[in-house]
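I have placed the structure first, in the form of structure tokens, so that the comments after it can refer back to it.
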Amino acid sequence: MSDGNKRVCPVERAGRLDNRIRRWLQNPHKIVGPYIEEGMTVLDLGCGPGFFSIEMARMVGKSGRVIAADLQEGMLQKLRDKIQGTELEERITLHKCEENKIGVSEEIDFVLVFYVVHEVPNQEEFFNEIGVILKPKGQVLVVEPPFHVSKSAFEETISQARNVGLTLVERPKVLLSKTAVLKKS
């Protein structure tokens, strides 16, 4: 999902993505809670070390499933180490994306794309692939960092998502972020 021109967060910095301070500032339950119900199949796209994946797995319950997808095997290994031997291991499926393809084929109720889209070289193809796997009325929460993504670049991201048939539903507030919730008709 990167062509080398866009930087991805290196595995060595994974600790910055999952720590108590971030959990306090960007509480996963508060951010994704309004969109996830028990029994859902959800996709954490660009999951990193699992900051959101673990909380999402608790929220979908035993009848639900989280697909934690990342481009880097090292990030997936960090998440694997966290959930190994726990009940969450049954609910979280780890998936390694390809360079320019998500590669998930299951139907998805909810997709989280947190601080990832700015790393994707072809956003229209990216959102098209999400649109294909998203169930009707399924939602996508796009969250981008304001320090990497300008307002105009974020609006272009939303435009790319709309071009493939996703509809803008709301713009929830997330600290240190530009956000949008999009829905499949």
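Before moving on, here are some points about what is shown:
- Selection status of G48, in a loop (DSSP other than H, G, I, E, B), more than 16 Å from the chain's Cα centre (by Cα) and at positive phi: no
- Scanning segment 142-173 for residues that are within 14 Å of V117 (Cβ to Cβ), outside any helix (DSSP H, G or I) and of a type outside the set (G, A, S) gives V142, V143, E144, P145, P146, H148, V149, V164, L166.
- Residues that are touching an Asp or Glu at 6+ places or on another chain (Cβ under 8 Å), surrounded by fewer than 23 Cβ atoms within 10 Å (Cβ to Cβ) and free of Cβ contacts under 8 Å to residues at least 60 places away in the same chain within segment 124-152 comprise just one, K135.
- The listed residue being more than 26 Å from M40 (Cβ to Cβ) and touching a strand residue (DSSP E or B) at 6+ places or on another chain (Cβ under 7 Å), out of P146, P136, P172: P146
- Scanning segment 82-93 for residues that are modelled with pLDDT of 95 or more and closer than 13 Å to S53 by Cβ returns I83, T86, L88, E89, R91, I92, T93.
Conditions (1) at pLDDT 95 or above; (2) under 12 Å from the mean Cα position of the chain (by Cα), marked per residue:
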residue: H95; (1), (2): yes, no
residue: E106; (1), (2): yes, no
residue: D109; (1), (2): yes, no
residue: Y115; (1), (2): no, yes
residue: Q123; (1), (2): no, no
residue: I130; (1), (2): yes, yes
residue: I133; (1), (2): yes, no
residue: K137; (1), (2): yes, no
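- Matching residues in segment 79-103 - criterion: being touching a strand residue (DSSP E or B) at 6+ places or on another chain (Cβ under 8 Å) and in a loop (DSSP other than H, G, I, E, B): R91, C97, I102, G103
- Failed item, numbered, when S63 is tested on (1) modelled with pLDDT under 95; (2) in a loop (DSSP other than H, G, I, E, B): (1)
- In segment 104-138, of all residues being of a type in the set (A, V, I, L, M) and part of a strand (DSSP E or B), the one that is farthest from G48 (Cα to Cα) corresponds to L134.
- Taking the numbered list (1) in a helix (DSSP H, G or I); (2) under 23 Å from K184 (Cα atoms); (3) modelled with pLDDT of 95 or more in turn, L76 passes all entries but (2).
The values are calculated or read from the model by the stated rules, or taken from the named source; none is laboratory data. Only a predicted model underlies this, so the values are computations on that prediction, with no experimental measurement involved. So basically every Cβ, Gly included, is an ideal-geometry build from the backbone, and we count neighbours across all protein chains shown.
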